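The block underneath contains the structure these notes are about, expressed in structure tokens.
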Amino acid sequence: MDVKAVRSALMRYQVMAYVVGILLVVLICIGLPLKYIAYDPNLNALGGRINTVCGVAHGWLYMILLITAVDLGRRVRWTWKRLLSIALAGTVPFLSFVAERFATKDVKQKLAAASAK
């Protein structure tokens, strides 16, 4: 296992997981309530703009998250089940942070085992 390549793939995955997670939280917790619950038309318009910007950014960056997850998974030999759970975690608010934490813990354990050899 190339430790340097795995560490760099892990860093890319971590950054993308956090960026995608933050965009989804902003979209769900700020944009949608402003658009559909606010009584002021100005707030409705602001919510619509937030939804447009965050929604498009989340969609495109989610694809990059999937690429980084597959790259990391290939390097540390994750199962397809694990990759699928990471992919689905990017669609549920706050769950991408949890999935990132478990993935990082697993990769660090594998790196420690590889360096102990």
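Going by the structure shown, is G21 in contact (Cβ under 8 Å) with a residue 60 or more places away in the chain and either closer than 30 Å to V76 by Cα or not charged (D, E, K, R) (or both)? It would help to see each step written out before you state the result.
Numbers: in contact (Cβ under 8 Å) with a residue 60 or more places away in the chain: yes; either closer than 30 Å to V76 by Cα or not charged (D, E, K, R) (or both): yes.
Yes.
Quick check, is D40 under 22 Å from V53 (Cα atoms) and of a type in the set (D, E)?
When the stated conditions are applied, D40 passes them.
Taking the range 64-91 only, how many residues are in a loop (DSSP other than H, G, I, E, B) and polar (S, T, N, Q)?
Step one: filter the range 64-91 for residues in a loop (DSSP other than H, G, I, E, B), giving 77-79, 90-91.
Add one more test, that the residue is polar (S, T, N, Q), and what stays is 79, 91.
Total satisfying the criteria: 2.
Quick one: is K110 among the basic types (K, R), assigned to a helix (DSSP H, G or I), in contact with a helix residue (DSSP H, G or I) (Cβ under 6 Å, 6 or more places away or on another chain) and free of Cβ contacts under 8 Å to residues at least 24 places away in the same chain?
Numbers: among the basic types (K, R): yes; assigned to a helix (DSSP H, G or I): yes; in contact with a helix residue (DSSP H, G or I) (Cβ under 6 Å, 6 or more places away or on another chain): yes; free of Cβ contacts under 8 Å to residues at least 24 places away in the same chain: no.
Taking the combined requirement at face value, the residue does not satisfy it.
A69 versus (1) of a type in the set (A, V, I, L, M); (2) out of contact with any Gly (no Cβ under 9 Å at 6 or more places or on another chain); (3) under 24 Å from V15 (Cβ atoms); (4) open to solvent by less than 60 Å² (accessible area, probe 1.4 Å): which is the lone unmet condition?
With (1) of a type in the set (A, V, I, L, M); (2) out of contact with any Gly (no Cβ under 9 Å at 6 or more places or on another chain); (3) under 24 Å from V15 (Cβ atoms); (4) open to solvent by less than 60 Å² (accessible area, probe 1.4 Å) applied to A69, the lone miss is (2).
Condition check ((1) in a helix (DSSP H, G or I); (2) open to solvent by 50 Å² or more (accessible area, probe 1.4 Å)) across all residues:
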residue: V6; (1), (2): yes, no
residue: Y13; (1), (2): yes, no
residue: V19; (1), (2): yes, yes
residue: L27; (1), (2): yes, no
residue: L43; (1), (2): yes, yes
residue: G47; (1), (2): yes, no
residue: T52; (1), (2): yes, yes
residue: Y62; (1), (2): yes, no
residue: P93; (1), (2): no, no
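Among the residues of the range 95-117 satisfying the criterion of being within 18 Å of H58 (Cα to Cα) and of a type in the set (A, V, I, L, M, F, W, C), which is surrounded by the most Cβ atoms within 10 Å (Cβ to Cβ)?
Our first condition is that a residue be within 18 Å of H58 (Cα to Cα); within the range 95-117, this holds for 95-100.
So of that shortlist, the ones also of a type in the set (A, V, I, L, M, F, W, C) come out as 95, 97-99.
Values: L95: 16, F97: 15, V98: 13, A99: 20.
Across the range 95-117, the extreme among qualifying residues is A99.
The values are calculated or read from the model by the stated rules, or taken from the named source; none is laboratory data. Quick caveat, the model's predicted, so the values are computed rather than measured. Note that we place each Cβ from the backbone using ideal geometry, even for glycine, and neighbour counts take in every protein chain shown. Ligands, DNA and RNA are stripped out before the accessible areas are found, and what is left, the full protein with its side chains, is counted by its heavy atoms. Shrake-Rupley method; radii C 1.70, N 1.55, O 1.52, S 1.80 Å.
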